[in-house]
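Colleague: Before I ask anything, let me first share the structure, which is written out below as structure tokens.
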Amino acid sequence: MIYLSIGSNLNSKFGDRFENIRRSLKLLENKKLKILKVSRFYETPSYPNKKLPKFINIAVKIDFLGSPIELLKLMNLVEKKMDRVVTLNNEPRTLDIDIIDFKSMITNTKLLTLPHPRTHERNFVLMPLYEICPDWKHPVNNLKIDILIKNLTPTKRNEITRIKESVILEL
């Protein structure tokens, strides 16, 4: 399976952080990409500067008929359509889409590292991913997701909030 993480911590001309994520899901779906499962929304502080606007994140399980690079190009196109401005790392943005796992593939190229290199330390990836795939295992270290969550610091485990509102899609 293929898993994505989608986040937003800035409003856009399309709406608030929640709407940015909803709209991105609609833009992602095409002939090659089908959304299979979506987590609820989760809110976390920005990293590393917690004074910046908080992020809303989700995890998404998809089916994709192309290569990882084709998926990356599609994600970049959607980010651009959502007015993402590429700035410094960890700066606020209207939309951020990452490939967390692409069919358990392991690769490290100039364009793409799979699985995402910081998956195992990010609460905003692990918690939503656990919701939609509690049996997921990290392709590199082979640890189950519940162990990865237990390995987070207490602060990281506690500073994430699941929002009651969920993404409503007709899957």
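Colleague: Would you point out the residue of region 4-41, among those that are in contact with a helix residue (DSSP H, G or I) (Cβ under 6 Å, 6 or more places away or on another chain) and either more than 22 Å from Lys81 (Cβ to Cβ) or among the acidic types (Asp, Glu) (or both), that is surrounded by the most Cβ atoms within 10 Å (Cβ to Cβ)?
Modeller: Ser39
Colleague: Among Arg17, Arg40, Arg84, Arg23, which is among the basic types (Lys, Arg) and touching a Gly at 6+ places or on another chain (Cβ under 8 Å)? Steps first, please.
Modeller: On the way: Arg17 fails: touching a Gly at 6+ places or on another chain (Cβ under 8 Å); Arg40 fails: touching a Gly at 6+ places or on another chain (Cβ under 8 Å); Arg84 fails: touching a Gly at 6+ places or on another chain (Cβ under 8 Å).
Selected residue: Arg23, the only one of Arg17, Arg40, Arg84, Arg23 that is among the basic types (Lys, Arg) and touching a Gly at 6+ places or on another chain (Cβ under 8 Å).
Colleague: Ok, one more. Given the conditions (1) modelled with pLDDT under 95; (2) of a type in the set (D, E, K, R); (3) assigned to a helix (DSSP H, G or I); (4) surrounded by 14 or more Cβ atoms within 10 Å (Cβ to Cβ), and given that Lys80 satisfies all but one, which numbered condition is not satisfied?
Modeller: (4)
Colleague: Then there is this: Is it true that some residue in region 28-36 is closer than 30 Å to Asp135 by Cβ, modelled with pLDDT of 95 or more, basic (Lys, Arg) and part of a loop (DSSP other than H, G, I, E, B)?
Modeller: No, because not a single residue in region 28-36 is closer than 30 Å to Asp135 by Cβ, modelled with pLDDT of 95 or more, basic (Lys, Arg) and part of a loop (DSSP other than H, G, I, E, B).
Colleague: May I pose another question? Cβ-Cβ distance below 9 Å, separation of 6 or more or different chains: which pairs start in region 148-159 with a residue that is surrounded by fewer than 16 Cβ atoms within 10 Å (Cβ to Cβ) and end on one that is assigned to a loop (DSSP other than H, G, I, E, B) and among the hydrophobic types (A, V, I, L, M, F, W, C)?
Modeller: Final answer for the pair search is Asn151/Leu143.
Colleague: Which pairs do you get when a residue that is touching a residue at least 40 places away in the same chain (Cβ under 8 Å) and over 26 Å from Ile163 (Cα atoms), found in region 59-82, comes within reach of a residue that is small (Gly, Ala, Ser) and in a helix (DSSP H, G or I), reach meaning Cβ atoms under 8 angstrom, with the pair 6+ apart or on two chains?
Modeller: Once the first residue is touching a residue at least 40 places away in the same chain (Cβ under 8 Å) and over 26 Å from Ile163 (Cα atoms) and sits in region 59-82, no partner that is small (Gly, Ala, Ser) and in a helix (DSSP H, G or I) comes close enough.
Colleague: Among the residues of region 130-171, write down those that are in contact with a helix residue (DSSP H, G or I) (Cβ under 6 Å, 6 or more places away or on another chain) and assigned to a helix (DSSP H, G or I).
Modeller: The answer is Tyr130, Ile145, Leu148, Ile149, Lys156.
Colleague: Please go through region 110-123 and give me each residue that is crowded, with 18+ Cβ neighbours inside 10 Å, at pLDDT below 95 and assigned to a helix (DSSP H, G or I), ordered by number.
Modeller: Residues satisfying the conditions are Thr119, His120.
Colleague: Now a separate question. Return the only residue of Thr107, Thr87, Thr44 being exposed (fewer than 14 other Cβ atoms within 10 Å of the Cβ) and under 25 Å from Lys137 (Cα atoms). Walk me through how you get there before you give the answer.
Modeller: Working: Thr87 fails: under 25 Å from Lys137 (Cα atoms); Thr44 fails: exposed (fewer than 14 other Cβ atoms within 10 Å of the Cβ).
Result: Thr107 is the single residue among Thr107, Thr87, Thr44 that is exposed (fewer than 14 other Cβ atoms within 10 Å of the Cβ) and under 25 Å from Lys137 (Cα atoms).
Colleague: Answer with yes or no whether Asn20 is without any contact (Cβ under 8 Å) to a residue 40 or more places away in the chain, within 15 Å of the chain's Cα centre (by Cα) and either under 23 Å from Trp136 (Cβ atoms) or not in a strand (DSSP E or B) (or both).
Modeller: Details: without any contact (Cβ under 8 Å) to a residue 40 or more places away in the chain: no; within 15 Å of the chain's Cα centre (by Cα): yes; either under 23 Å from Trp136 (Cβ atoms) or not in a strand (DSSP E or B) (or both): yes.
Against the criterion (without any contact (Cβ under 8 Å) to a residue 40 or more places away in the chain, within 15 Å of the chain's Cα centre (by Cα) and either under 23 Å from Trp136 (Cβ atoms) or not in a strand (DSSP E or B) (or both)), Asn20 does not qualify.
The values are calculated or read from the model by the stated rules, or taken from the named source; none is laboratory data. Fair warning: this is a prediction, and the values are worked out from it, not measured in the lab. Counting neighbours? That spans all protein chains shown, and the Cβs are built from the backbone with ideal geometry, glycine included.
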